[in-house]
Amino acid sequence: MAKILCIDDEPLMRLTTCDFLSDIGHEVLDADTGGLGLEMFRLHRPDIVLSDLRMPGGDGFLVVAHLAEESPDTPVLIISGTGTVEEAVKTMRMGAWDYLTKPLSDMLLLGTTVDKLLAKARDRKNSRQYQQGLESRNQELESEIVSWSRRHQDTVQRLETALQTSINSLNLAVKEKDPYTAGHNERVARVAVDIGQAMGLGKDELDTLLIAGLLHDIGKIGVHEAILNKRSSLSASEFEQIKSHAIGGHRILENIPFDGPVAEAVRQHHERFDGTGYPEALSGESILLEARILAVADVYEALTSNRPYRPGLAPADAAAHVLERSGTHFCPRCVDAFARVLSLQNT
């Protein structure tokens with residue numbers, strides 16, 4: 001079972017909570033102030049922290065702020081009878097994982113919430129270890145490619161084949177993680193290359209578009225399947241995890257020796273021409289051209305694809321969505337080229 005730290009200045013509440021958690025098999029530590037609680041956390045490194053919000057000697061906001069900085073993978077559950085809805089939202093934005101209100105008339109709800117947060121923490125740890133393992137393998141592959149290229153120039157073609165195999169394996173990893181992307185990456189790559197050809201790009205740029213299109217969602221291997229396949233609307237924290245796939249994809253790909261800026265195009269493919277995208281809110285020409293092209297191809301293809309939460313749009317409706325957002329979401333040059341591609345396909 002888990003090691004739990006309970007921080008509450010109300011002796012009866014603290015005793016009741018600790019007794020219940022001990023009775024169901026957990027190891028429980030307790031503190032009566034936020035400051036003392038932080039000291040105990042650093043000494044004992046519990047698996048989860050339960051904290052009141054209003055306390056002398058360091059309140060729950062202090063606990064959340066410090067743990068979000070020191071140990072963001074440790075769940076923090078706020079339990080308060082004095083906080084407002086606004087304060088509850090504030091703690092969640094600061095890094096709390098969940099919020100319960102006092103009095104806890106149903107202690108089973110506390111046990112269920114603790115179990116849920118512990119499971120979430122385990123899933124997050126497992127996903128990170130999986131991603132780290134893949135990154136480690138990519139680094140090993142890079143080292144092998146560099147070493148062989150230096151010692152055996154005549155085997156470069158074989159190494160390029162190995163790199164293509166790695167690309168295909170990474171693409172397969174995304175499909176295994178999220179079955180709804182099956183075929184999506186290939187279609188995005190095809191549309192992106194068509195747009196690039198319409199813009200007169202050379203072979204190197206088109207090769208970059210092809211590979212970046214195939215791998216643009218590789219970062220989703222670090223996002224939990226329950227979020228990727230959720231049928232209802234995403235919460236703010238879930239959407240933040242989805243958004244992390246752009247940086248995660250860049251991290252996975254940045255050390256692979258592609259001939260073009262594949263990793264950077266993957267990082268920037270959710271940037272918007274008007275600066276409202278992510279992860280860096282880039283705008284206009286500061287966004288890599290390949291990423292601007294990918295943005296058009298990705299949105300168009302995503303809109304025409306069936307997803308768990310909605311059926312796909314007709315191609316004409318998806319195209320209209322893209323054309324209407326020229327100059328805001330999308331680069332006008334790329335949208336013009338996209339329109340020419342559609343015109344040629346419809347003739």
**Prompt:** For the Cα atoms of the chain, what angle does the longest principal axis make with the long axis of helix 107-151, in degrees from 0 to 90, nearest 10?
**Reply:** 40
**the chain: angle of helix 332-345 to the longest principal axis, Cα-based, in degrees nearest 10** = 60
**Request:** Quickly estimate the mean residue ellipticity at 222 nm for the chain, helices only: each DSSP H run with n ≥ 4 gives -39500 (n - 2.57), and the total goes over all residues, rounded to 500.
**Result:** -19500 deg cm²/dmol
**Fill in**
By Cβ neighbour count within 10 Å, fewest first, Leu303, Leu215 rank Leu303, Leu215
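Could you give the alpha-carbon Rg of segment 3-118 over 2.2 N^0.38 Å, rounded to two decimals? Provide the component values of the computation, followed by the final result.
Working: Rg = 12.4 Å, N = 116, 2.2 N^0.38 = 13.4 Å.
Normalised by 2.2 N^0.38 Å, the Cα Rg of segment 3-118 equals 0.93.
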**Asked** What are the residues whose amide H is under 5 Å from the amide H of Ile79, where those residues sit 5 or more places off or on another chain and H is modelled from the backbone?
**Response** Ser51, Asp52, Leu53, Leu100
**Distance violations [Cα-Cα > 22 Å] among Lys125/Lys220; Lys3/Lys125; Lys102/Lys243; Lys3/Lys120; Lys120/Lys243; Lys120/Lys220** = Lys102/Lys243
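Quick one: order Leu53, Leu210 by neighbouring beta-carbon count within 10 Å, fewest to most. Walk me through the intermediate numbers first.
Working: Leu53 26, Leu210 19.
Neighbour counts put them in this order, fewest first: Leu210, Leu53.
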**Fill in**
For the chain, the dipole about the Cα centre with charges only on Cβ (Lys and Arg +1, Asp and Glu -1), to the nearest 20 debye, works out at 800
**Fill in**
Computed on Cα atoms, Rg of the chain relative to 2.2 N^0.38 Å comes out at 1.21
**Item:** Per the chain, cysteines lacking a partner by the 4.7 Å Cβ criterion
**Value:** Cys6, Cys18
**Message:** With θ taken as phi - 60° and the coefficients 6.51, -1.76 and 1.60, list the Karplus ³J(HN,Hα) couplings across segment 195-200 in order, rounded to whole Hz; mark glycine and proline as x.
**Reply:** 5, x, 5, 5, 8, x
**Prompt:** With the Cα gyration tensor of segment 274-347 giving a ≥ b ≥ c as the square roots of its eigenvalues, does the rule (a/c under 1.5 for rounded; else a/b larger than b/c for prolate; else oblate) give rounded, prolate or oblate?
**Reply:** oblate
**Message:** Amide H of Ala31 versus every other amide H placed in the peptide plane: which residues, excluding those fewer than 5 positions away on the same chain, fall under 5 Å?
**Reply:** Cys6, Ile7, Asp8
**Complete:** Residue-ordered couplings for segment 285-290, obtained by feeding phi - 60° into the Karplus form 6.51 cos²θ - 1.76 cosθ + 1.60 and rounding to whole Hz (Gly and Pro as x), are 6, 6, 7, 3, 4, 4
**Message:** Which of His329, His245, His26 ends up with the largest GNM mean-square fluctuation for the chain, with Cα atoms connected below 10 Å?
**Reply:** His26
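For a footprinting-style exposure proxy, rank Tyr130, Tyr99 by other Cβ within 10 Å, fewest first. Walk me through the numbers before you get to the answer.
On the way: Tyr130 14, Tyr99 20.
By the 10 Å Cβ count, ascending: Tyr130, Tyr99.
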**Asked** Considering only Gly222, Ile24, Gly312, whose Cα is most displaced toward the positive end of the charge dipole of the chain, charges sitting on Cβ of Lys, Arg (+1) and Asp, Glu (-1)?
**Response** Gly312
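All of the numbers you see were taken from the coordinates with simple rules; none came from a lab. Since this is a predicted model, take the numbers as computed values, not measurements. Every residue, glycine as well, gets a Cβ built from its backbone with ideal geometry; the counts of neighbours run over all protein chains shown.
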